[in-house]
Amino acid sequence: MKTLTLGNITISNVVEMGPMQVDHKYLLLGSTQEALDRHKDWLMPHFLTPEYKLLMSIHTYVVRTKRHTILVDMCFGNNKQRGANARATNMNTPFLENLAKAGAPADKVDYVLCTHLHNDHVGWNTKLQNGTWVPTFPNAQYLMSKKEYGYWSARKEGDFSYDSFVDSVLPVVEAGKALFVESDFVIEDEVRLEPAAGHTPGQVALKVNSKKKEAVLCGDLMHHPAQIGEPDWNIPYDVDPAGTRQARRDFFTKYADTGTFVLPAHFSDPTVGQIISKGSGWAWRAYFGD
Ligand SMILES: [Zn+2]
């Protein structure tokens, strides 16, 4: 994406993985080629291939205000062991160098926010140092939704993403770097959290509002733009499928045609856009810059 400027605030991204192709039947439960065809005028070519593969991305957002540098969602990370997920195991990418190029060298990061604690959102919280997982950002406070942390604290070995909770979340807490917050926590006047539960019980979004321009970094409220046309398509990892469907409809109703920029965690480049009304439903208008 091109850097987005909203009044006093800029937002850019650093891509760890993508664009990658994903089978729609695997990711979007109940999806069909016929249904995708209904939306192909706005899904192709950036989000859907002619072979009906979904184009997706894993990235971190860099939000820079006059006072703070804030990272949102922390991808898979390097050197992690993720069992059957070969793509996420033993990764070795120049993510930190790319972050520095994007204006966020590790020692200058003030806040890290994982919208939720799935393994593709917490990885870079920690890095391997002499065989131990240590916080990657030494001067940052890691914001954690109390509700989300509570949910994961009750998981156990073998549960999905419990391994990443152990190597990418607990070391941050043990180092005293975690700040447990409510789902409407205010970071500064123009930047605050907003509840976005459903995909996980304590997921939060980051809301940015500056000089009448607004953006919402909504994590995994949705994974692919096709879900804007088909809000009832869940993914296999939605903890509360019915709640997620309702949360999506509420979100689209609230933000459609408002000009609010929406920045989900897995939309392929340009990764930012707006929700617009279309017929009796909604569509995605990708934002490529002015
Ligand atoms: Zn995700």
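Quick notes
- If you go through the range 259-281 and keep only what is within 16 Å of the ligand (Cβ to nearest atom) and either closer than 19 Å to residue 6 by Cβ or β-branched (Val, Ile, Thr) (or both), you end up with 262, 263, 264, 265, 267, 271.
- Out of 89, 93, 115, one residue alone is out of contact with any Leu (no Cβ under 6 Å at 6 or more places or on another chain), β-branched (Val, Ile, Thr) and within 16 Å of the ligand (Cβ to nearest atom). It is 115.
- Residue list for the range 118-165, filter: of a type outside the set (Ser, Thr, Tyr), within 16 Å of the ligand (Cβ to nearest atom), under 20 Å from residue 206 (Cβ atoms) and over 17 Å from the mean Cα position of the chain (by Cα): 152
- For the range 4-21, the count of residues that are under 24 Å from residue 227 (Cα atoms), loosely packed, with under 14 Cβ neighbours inside 10 Å and acidic (Asp, Glu) is zero.
- Qualifying residue in the range 28-36 (condition: at pLDDT 95 or above and within 16 Å of the ligand (Cβ to nearest atom)): yes
- Test: residue 24 is within 15 Å of residue 271 (Cα to Cα) and of a type outside the set (A, V, I, L, M): no
- One residue stands out in the range 160-209 among those that are hydroxyl-bearing (Ser, Thr, Tyr) and outside any loop (DSSP other than H, G, I, E, B): the one that is surrounded by the fewest Cβ atoms within 10 Å (Cβ to Cβ), namely 162.
- Subset tally (residues that are on the phi > 0 side of the Ramachandran plot and without any contact (Cβ under 8 Å) to a residue 60 or more places away in the chain) for the range 248-271: 2
The values are calculated or read from the model by the stated rules, or taken from the named source; none is laboratory data. The shown structure was predicted, so the numbers you read here are calculated from the model rather than taken from an experiment. Neighbour counts run over all protein chains shown; Cβ positions are idealised from the backbone, glycine included.
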